[in-house]
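Each remark here refers to the structure printed beneath this line.
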Amino acid sequence: MTSPSSPTADVSARIAWADDAPAIAAVQARAWREMYADLLPAAAFDPHPEAWHAVLSRPTDGRQRVLVALERNRVVGFALTSPATDPDCDPVADGELADLTVDPAERGRGHGSRLLQAAVDTLAADRFTRAVTWTMATDDALRDFLAAAGWVPDTAHRELDLDGSGTTTIKQVRLHVAIGA
């Protein structure tokens, strides 16, 4: 039992607000600098809060959600959920965890676990019965994290064109998990 004077963590996850756009963009830029530094020029990592503001203000689908992980009132990560868009997925039954990003300086503090649980809970509340996500084939840490939460690979894989030229691609694998039922 903690005493009244013991510090306690002030952490949470919630649906993002439009005012969170600059903080989400900054987290994304820091994470991308780490993930894609060997693949993309530095200009690719400039934050784009206006794009996030548009996503948060006018989602293209009522089941498209952005969640944020908070430490106190500071955004330290985000997740994006939506109906799955892959041709072999059912957009009524299959939801997608389109992004799960935690600020590199904040990893290992439980933010990713809270955010993943909030994303799965959100997908289940939107009545999806299965969730899918794409990960870089080389991102063993993320795949291990998801596997520990019950996600498993299926047979789907793809190459993602990072710069639109076809010369900078990454291989991705899809993972899935049953939810809601």
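The values are calculated or read from the model by the stated rules, or taken from the named source; none is laboratory data. All of these numbers come straight from a predicted model, not from anything done at the bench. We place every Cβ from the backbone using ideal geometry, glycine too, and count neighbours over all the protein chains shown.
Given the condition under 27 Å from R58 (Cα atoms), at pLDDT below 95 and not acidic (D, E), answer yes or no: does some residue in the range 137-150 qualify? No; the residues of the range 137-150 include none that is under 27 Å from R58 (Cα atoms), at pLDDT below 95 and not acidic (D, E). Among the criteria (1) at negative phi; (2) out of contact with any Phe, Trp or Tyr (no Cβ under 7 Å at 6 or more places or on another chain), the one A93 does not fulfil is (2). Of the residues that make up the range 28-37, is at least one loosely packed, with under 14 Cβ neighbours inside 10 Å, at pLDDT below 85, of a type outside the set (S, T, N, Q) and at negative phi? Yes, that holds for at least one residue. Within the range 69-114, restricting attention to residues that are assigned to a loop (DSSP other than H, G, I, E, B) and in contact with an Asp or Glu (Cβ under 6 Å, 6 or more places away or on another chain), the residue that is surrounded by the most Cβ atoms within 10 Å (Cβ to Cβ) is A84. Checked against the criterion of being among the hydrophobic types (A, V, I, L, M, F, W, C) and closer than 20 Å to V173 by Cβ, the candidates L70, L97 yield just one match: L97. Cβ separations smaller than 6 Å between residues 6+ apart or across chains give the following pairs from the range 85-99 residues that are touching a residue at least 12 places away in the same chain (Cβ under 8 Å) and among the aliphatic types (A, V, I, L, M) to residues that are surrounded by 15 or more Cβ atoms within 10 Å (Cβ to Cβ) and part of a loop (DSSP other than H, G, I, E, B): A93/T129. Only residues that are surrounded by fewer than 18 Cβ atoms within 10 Å (Cβ to Cβ) and either among the small types (G, A, S) or touching a residue at least 24 places away in the same chain (Cβ under 8 Å) (or both): list them for the range 11-27, please. Result: V11, S12, R14, I15, W17, A18, P22, A26. State yes or no: is L116 farther than 19 Å from P59 by Cα and modelled with pLDDT of 95 or more? Judged against the criteria, L116 is a match. Does R74 fit the bill of being within 19 Å of D121 (Cβ to Cβ) and at pLDDT 90 or above? So R74 fails the test. Within the range 56-68, track down each residue that is surrounded by 17 or more Cβ atoms within 10 Å (Cβ to Cβ) and either without any contact (Cβ under 8 Å) to a residue 12 or more places away in the chain or closer than 11 Å to D20 by Cα (or both). Once the filter is applied, which keeps residues that are surrounded by 17 or more Cβ atoms within 10 Å (Cβ to Cβ) and either without any contact (Cβ under 8 Å) to a residue 12 or more places away in the chain or closer than 11 Å to D20 by Cα (or both), the range 56-68 yields L56, V66, L67, V68.
From the residues in the range 38-54 that are modelled with pLDDT under 90 and in a helix (DSSP H, G or I), which one is surrounded by the fewest Cβ atoms within 10 Å (Cβ to Cβ)? So the residue we want is A43.
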